[in-house]
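Visitor: Next up is a structure, given as structure tokens.
Read-outs throughout are calculated quantities, based only on the coordinates presented, and are distinct from any laboratory measurement. Quick caveat: nothing in here was measured; it's all calculated off a predicted structure. Cβ sites come from the backbone with ideal geometry, for glycine too, and all protein chains shown count toward neighbours.
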Amino acid sequence: MWLGPYTSFIVTSYVLVTAVVLVLIAWIAIDYRRQKSRLRELDASGVVRRSGRSAVDMK
């Protein structure tokens with residue numbers, strides 16, 4: 001496949017974009033695990049969500 005005189009630029013761009021997307025996917029996966037762990041800790045310590053209470057409980 002002939003990409004012309006810009007072959008190195010095009011290939012480098014695709015490689016960099018792929019690397020950035022993979023880093024973002026990894027970052028999101030790590031943050032997801034961290035958030036789930038934090039929610040488990042809060043749940044174990046007895047913290048309740050405000051949205052989990054009914055209007056009667058809030059009075």
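A quick yes/no check of all residues on (1) within 25 Å of the chain's Cα centre (by Cα); (2) not hydrophobic (A, V, I, L, M, F, W, C):
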{"position": "Met1", "(1), (2)": "no, no"}
{"position": "Thr12", "(1), (2)": "no, yes"}
{"position": "Val15", "(1), (2)": "yes, no"}
{"position": "Arg34", "(1), (2)": "yes, yes"}
{"position": "Arg38", "(1), (2)": "yes, yes"}
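Visitor: Can you pull out every residue in the stretch 1-29 that is assigned to a loop (DSSP other than H, G, I, E, B) and loosely packed, with under 10 Cβ neighbours inside 10 Å?
Guide: To start, the set of residues in the stretch 1-29 that are assigned to a loop (DSSP other than H, G, I, E, B) comprises 1-3.
Within the stretch 1-29, Met1, Trp2 meet the criteria.
Visitor: Could you grab the pairs with beta carbons closer than 7 Å, sequence gap of 6+ or different chains, first residue in the stretch 1-19 and free of Cβ contacts under 8 Å to residues at least 12 places away in the same chain, second one not in a loop (DSSP other than H, G, I, E, B) and not hydroxyl-bearing (Ser, Thr, Tyr)?
Guide: Leu3/Ile10
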